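The block underneath contains the structure these notes are about, expressed in structure tokens.
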Amino acid sequence: MGPGYRGSRPLRPADLLSHKREGRAIAVLTAWDALSAALVEEAGADVILVGDSLAMVVLGHATTLPVTLEEMILHTRAVGRGLRRPIGQRPLIVTDLPFLSYQCGLDDAVAAAGLVLKDSPAAAVKLEGGEPETVAVVDRLVRAGIPVMGHLGLTPQSVHQLGYRRQANDPISQERLRRRALDLQAAGCFSLVLEHVPGPVAAQLSAELEIPVIGIGAGEHCDGQVRVTADLLGLTERQPPFCPPLLNGRQLGVEALRGWVAGLASPPRPAAELSADLSADPTTPAAPATPHC
Ligand code: KIV
């Protein structure tokens, strides 16, 4: 039996702790529909994150703020339908709680996160921030049986306060980040995304925390890495500086499609069609009849 054998169940949040203890890097990729889910599952991702970045990547919004809970659930269901592996080899699906679904009171937060687990194949939710109010939400969700992934550093739902700048650049904000990470761990988060913070800060937190730290724009020394799949494939118009594309998918796709469109305007014409045209043209002398034997 290989190390990845899980019998008849998909990966669970707690399994990521074993990955960390065993020093196995955790690969997290985003997906937003059945097609992208099939790609990242086939690529071998441990975790599929249905991130609220889908607001920008596939719904065309300028920020992540407008996406609704219903839309997150709809996309998570499509992701689940795209998976092809036997149940026991499937990645863990984590869905982002969208802006305002967990900031308006503990009961609302439980209702929102509970609905994600009830109505979609997600087995965990992710939420942003580590202020005392958010830590209280994590505590309440975990005690209700809902696994939570935290997210600190650059938190895109706070774009109007933080912009998309690198966070934790000075000792005071680094200590604040550390405290928040420890608070989220104590409240029961099973893992923590750290976005766009200095590499040494992320490395130190990965060493200090028991739960796995999943980095993006946070250097190489985290317990795992997460990427927005459309950025990695070069499909989005502009990739963040910390996520260079692996290929220029946008240009490759446009060129292939342009070739197809151009081909419709001047299709290659089979010889039979050409000779039929010639015989139909009154200005062209008819071709001599094929002699019959
Ligand atoms: O929404 C998202 O895709 C994310 C990742 C950038 C971590 O939160």
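The values are calculated or read from the model by the stated rules, or taken from the named source; none is laboratory data. All figures in this text were calculated on a predicted structure; none of them were measured in a lab. All Cβ positions, even for glycine, are placed from backbone atoms using ideal geometry, and neighbour counts span all protein chains on display. Note: accessible area is taken over every heavy atom of the protein model, side chains too, but ligands, DNA and RNA are not part of it. Shrake-Rupley method; radii C 1.70, N 1.55, O 1.52, S 1.80 Å.
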*May I ask which residue of Met149, Val159, Val201 lies farthest towards the positive end of the charge dipole of the stretch 146-240, with charges of +1 (Lys, Arg) and -1 (Asp, Glu) on Cβ and the Cα centre as origin?*
Val159
*Once both axes come from the Cα atoms, what is the angle between helix 271-280 and the longest principal axis of the chain, in degrees from 0 to 90, rounded to 10?*
50
*May I have the extent of the alpha carbons of the stretch 13-252 along their three principal axes, as whole Å values ordered from largest to smallest?*
44, 39, 37
_Dipole axis of the chain (+1 Lys, Arg; -1 Asp, Glu on Cβ), positive-most option in Pro10, Val79, Pro244_ = Pro10
*Pop the C-beta distance of Arg84 and Ser8 into the FRET formula with R0 = 22 Å and round what comes out to the nearest 0.05.*
0.85
*Return the FRET efficiency for the residue pair Gln161, Leu182: r is the Cβ-Cβ distance, R0 is 22 Å, and the value is rounded to the nearest 0.05.*
0.45
*Any idea how far apart Ala256 and Leu100 come out in nm if each label point goes 7 Å out from Cα toward Cβ?*
3.9
*Roughly what would the spin-label model give for Glu220 and Val58, points 7 Å off Cα along C-beta, in nm?*
3.2
*Roughly what angle does helix 171-187 make with the longest principal axis of the chain, taking Cα atoms, 0 to 90 degrees, to the nearest 10?*
90
*Pulled fully out, how much extra length does the chain show between Glu208 and Ala265, if you take 0.36 nm times their separation in residues and subtract their Cα-Cα distance?*
14.3 nm
*asked:* Between Ala25 and Glu237, what is the label-point separation in nm under the 7 Å Cα-to-beta-carbon projection?
replied: 3.2
*Taking the Cβ-Cβ separation of Ala136 and Asn248 as r and a Förster radius of 45 Å, what is the calculated FRET efficiency to the nearest 0.05?*
0.50
*Rank Pro98, Ala27, Leu257 by how far each Cα sits towards the positive end of the charge dipole of the chain (+1 on Lys, Arg Cβ; -1 on Asp, Glu Cβ) and give me just the farthest.*
Ala27
*Would you please put 133-140, 13-20 in order of how densely packed they are, using the mean number of other Cβ atoms within 10 angstrom per residue and starting with the highest?*
133-140, 13-20
*Would you calculate a helix-derived [θ] at 222 nm for the chain, using -39,500 (n - 2.57) for each DSSP H run of n ≥ 4 and dividing by the full residue count, to the nearest 500?*
-12500 deg cm²/dmol
*Would you mind calculating the gained length between Leu74 and Arg143 on full extension (0.36 nm times residue separation, minus the Cα-Cα distance), in nm to one decimal?*
22.3 nm
*Keeping the other protein chains in place, figure out the carbon and sulfur percent of the accessible area of the stretch 198-250, with a 1.4 Å probe.*
55
_Accessible area expressed per residue, the stretch 13-252, with surrounding protein chains retained (probe 1.4 Å, Å²)_ = 45
_Charges at C-beta only: +1 for Lys and Arg, -1 for Asp and Glu. How large is the resulting dipole of the chain about its Cα centre, in Debye rounded to 20?_
600
*Take the chain, connect every pair of alpha-carbon atoms lying under 10 Å apart with a spring to form a Gaussian network, then pick out the residue of Ser101, Ser173, Ser53 with the largest mean-square fluctuation.*
Ser173
